[in-house]
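The values are calculated or read from the model by the stated rules, or taken from the named source; none is laboratory data. Treat the numbers as computed from the prediction; the structure is a model and nothing was measured. Cβ placement follows ideal geometry from the backbone for every residue including glycine, while neighbour counts extend to all protein chains displayed.
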Amino acid sequence: MQDDRCCVTTLSGSTSTTRVMPVVDQLKAVAHPVRWRMLELMAIHDDGICVCDLESQFALSQPTISHHLRIMREAGVVCTDQRGTWVYYSVVPEAMQQLTSAFTRLIQVKA
């Protein structure tokens, strides 16, 4: 007798939902054109970039800039450093490594 089901193989994955959620949150945080550009600007400044310098790069209001920065900060993609009255933003290297590792695992599954 022939099995008429379309999928007869058992799918298995080693990644649980709870394990991938930090990566998913990070991806959501950077998957916006403004936030991606902010991330690029932060990445080229080893010592962080002042929020005022970030604001000057976009035709957006200060509250909108703060909103985007908060999303990335809450996802753990960027961190802040208070210097006097100014806040400097930097990329969190561990977060970038986590994203890189996640994509590497996807590539290795296919290999």
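Quick grid of which residues meet (1) more than 25 Å from Pro22 (Cα to Cα); (2) under 13 Å from the mean Cα position of the chain (by Cα); (3) in contact (Cβ under 8 Å) with a residue 24 or more places away in the chain:
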residue: Trp36; (1), (2), (3): no, yes, no
residue: Ile44; (1), (2), (3): no, no, no
residue: Cys50; (1), (2), (3): yes, no, yes
residue: Ser56; (1), (2), (3): yes, no, no
residue: Arg70; (1), (2), (3): no, yes, no
residue: Cys79; (1), (2), (3): no, yes, no
residue: Gln82; (1), (2), (3): yes, no, no
residue: Ser90; (1), (2), (3): no, yes, yes
Report task. Quick one: Thr18 ticks every box in (1) surrounded by 11 or more Cβ atoms within 10 Å (Cβ to Cβ); (2) part of a helix (DSSP H, G or I); (3) among the hydroxyl-bearing types (Ser, Thr, Tyr) except a single one, so which number is it? Result -> (1)
Query - Given (1) over 23 Å from Gly84 (Cα atoms); (2) in a loop (DSSP other than H, G, I, E, B), index of the condition Asp46 fails - result: (1)
Report summary line: Among the residues of segment 1-43, the number that are among the small types (Gly, Ala, Ser), at pLDDT 75 or above and farther than 19 Å from Thr80 by Cβ is 1
